[in-house]
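Readers should treat all values here as calculations from the given coordinates under stated rules, not as data from a laboratory. These numbers were taken from a predicted model, which means no experiment stands behind them. Here the Cβ positions follow ideal geometry from the backbone for every residue, glycine too, while neighbour counts run over all protein chains shown.
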Amino acid sequence: MCGIVAAVANRNIVPVLLEGLRKLEYRGYDSAGLAVLNGGLHRLRAVGRVAELAAQADAGATEGATGIAHTRWATHGVPSERNAHPHVSGGLAVVHNGIIENHETLREQLKADGYVFTSDTDTEVVAHLVEKKLRSVPDLFAAVRAALAELHGAYALAVMREDDPSCVIVAREGSPLLLGLADDGHYAASDASALLQVTRRMVYLENGDCAELRRDGVRIARIDGTSVERAVIESQLSADAVELGTYDHYMQKEIFEQPDALANTLEMVGAAKSLQPGLFGADAEGLLKGVRQVLILACGTSWHAGLVARYWLEAIAGIPCAVEIASEYRYRESVPDPETLVVTISQSGETADTLAALQHAKALGMRRTLAVCNVPESSLVRETALRFITRAGPEIGVASTKAFTTQLAALYLLTLVMAKLRGRLDAAAEARELQALRHVPAAVQAVLALEPAIKTWAQLFGAKQHTLFLGRGRHYPIALEGALKLKEISYIHAEAYPAGELKHGPLALVDKEMPVIAVAPNDALLEKLKSNLQEVRARGGELFVFADADSEIADSEGVHVLRLPEHYGALSALLHVVPLQLLSYHVALVKGTDVDKPRNLAKSVTVE
């Protein structure tokens, strides 16, 4: 969950490294560092944000044409300068994303060989191990490959040494890493956004790849030294898409980008007269027709999207659906069925737990696989038989917003395609559903107009420490998502429950200091929900209700009601999450927290 930038060029690359780290700061921001080769190895490290590192570089007029840089999210060792990357051994420097699982064994072996450790990280093991290999192999490329053969775990690495100042070696196994090809040199980074400043020509490394970057060329090999070729891809990512523009925070920008993100995601059905399995890949019809059940694997916000999809798939498509937290799935005994459609959901497509869960499901014989993902070049997309790219655009804020709503849109499309293949969607119903999907971007735009009222509500949460979210049916996962957003960025302890479970325990927490947020669409469970809300009022709880225009829930003492412009049937869940995102954002502003970079969290969870 760290960010890497590396460069070998015909110019001073320090500004490139720093700008790349700024673009990658969403991947980790407890410390940052860089090293350049310029008549020797020069290393800078700082605790905190990339701005601290940039100030050091400016103060020292740091320059160099070859360098590596890193922004860290701590896994081994507390955030501190001594634990910040790059780590060095002799005249060699290393940056690393991932976890070296056998680092303790290697550390003891290296200590016995006389190596002295100055940090608590697993990464320093890599630096010393490569330096040791250099004593018996001819060059850095060979030494890195020899060291990789002894590492267990996930990693993306960049390595350089004083004795070869025009070379950087990079490698990946489980953690994302790509190369940038430019006229003035060659680059590497964890994310394409870091390299748009210098090139659009990208090469996505595969697991087990190791690459030698020099000013005049790139060589890619497997760990055993076998040369391989990887395709050069012209990135379609817009540089403007990763700029903040007129917004105060990326989260705010991304909330308001949702109408466009949804329009882009649903573009393929914009003028369609029917829903086709080919939306999910050329082989989709054959793979989907024989499916007996669906298994959804995801983490965090993506898991919540899967929970909503379960309601849709069972009610509309009539197919059994299980939703598993990916980090738990592969550690329990399960009953595999080869006729299961395994759906994996991830914004980045590099979520380590989801990738591992997918690999486990495939090892159990479940080969009908589908990725719902926002990054077309990601590992998850490459490892599944079918895929749907959500086209949300870059999402920089740690708290996911537009990725979630576009995931819901993709999963609803999957539901309708499955329903059609199973004979549960006739032509008239299909036409109605297509019309409803076309209206989704405008419907979300109308919900965003509620922001002024939500700002007013947010002021009432300034002194609160705990909040309870309630929902029923397919809106219970939306309550879960609302609670997650609030706790992520405002640090208010928030929990979500199915409203019918109130009297089975959580009602004991309700008092005048515990605000209760309810998702209350006008659906078949509304009257049941109203009874649950009365239970809250009877205990002195203050209610904040997100209702539909026709929900017939009135404002009164201790009951605040905000009405969405319209009821949206099965797609109501997609609309009701938007005001919860806005509420979390504005409560965080009231609390004065760092909205885009909440403490202890990082955007792309590429470690287990």
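Okay, here's what the table says:
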| read-out | value |
| --- | --- |
| Where GluC sites (Glu not before Pro) fall in DSSP loop in the stretch 490-568, at most 14 other Cβ within 10 Å | Glu513, Glu552, Glu557 |
| Of Tyr155, Leu364, Val168, farthest towards positive along the dipole that unit charges on Lys, Arg, Asp, Glu beta carbons give the chain | Leu364 |
| Helical mean residue ellipticity (222 nm; -39500 (n - 2.57) per DSSP H run of 4+; nearest 500) of the chain | -10000 deg cm²/dmol |
| Spatial extent of the stretch 56-211: Rg and Dmax, with the Cα atoms as the point set, Å | 15.3, 46 |
| Volume per residue of the C-alpha convex hull in the stretch 451-591, rounded to whole Å³ | 92 |
| Approximate shape of the stretch 509-573 as ellipsoid semi-axes (Cα gyration tensor, √5λ), whole Å, largest first | 22, 11, 10 |
| Between the stretch 93-115 and the stretch 322-399, the Cα center-to-center distance that results, in Å | 31 |
| Charged-residue dipole, Cβ positions (Lys, Arg, Asp, Glu), the stretch 486-526 about Cα centre, Debye nearest 20 | 60 |
| Ordering of 482-491, 77-86 by packing [mean C-beta count within 10 Å, highest first] | 482-491, 77-86 |
| Percentage, to the nearest whole number, of Cα pairs in the chain over 45 Å apart | 21 |
| Angstrom value of the Kirkwood radius, inverse mean 1/r, which spans all Cα pairs in the stretch 323-411 | 13.3 |
| Dipole magnitude of the stretch 3-242 about its Cα centre (Cβ charges: Lys, Arg +1; Asp, Glu -1), debye to nearest 20 | 120 |
| Mean projected area (nm²) of the alpha-carbon convex hull when the stretch 199-357 is viewed from all directions | 14.4 |
| More than 22 Å apart - percent of Cα-Cα pairs taken over the stretch 153-288 | 56 |
| Of Ser346, Ala182, Pro320, farthest towards positive along the dipole that unit charges on Lys, Arg, Asp, Glu beta carbons give the chain | Pro320 |
| By average C-beta atoms within 10 angstrom, highest first, the peptides 139-146, 27-34 | 27-34, 139-146 |
| Cβ charges +1 (Lys, Arg) and -1 (Asp, Glu), total dipole of the chain, debye | 580 |
| Packing-based exposure ordering (other Cβ within 10 Å, fewest first) of Met366, Met268 | Met268, Met366 |
| Share of pairwise Cα separations in the stretch 188-254, more than 15 Å, in percent | 63 |
| Unit charges at the beta carbon, dipole of the chain: most positive-side option, His76, Ser379, Pro521 | Pro521 |
| Approximate spin-label separation Ala272-Lys289, in nm, with each point projected 7 Å along Cα-to-Cβ | 1.8 |
| D (Stokes-Einstein, µm²/s), Kirkwood Cα radius, the stretch 250-447, 1.306 mPa s at 10 °C | 95 |
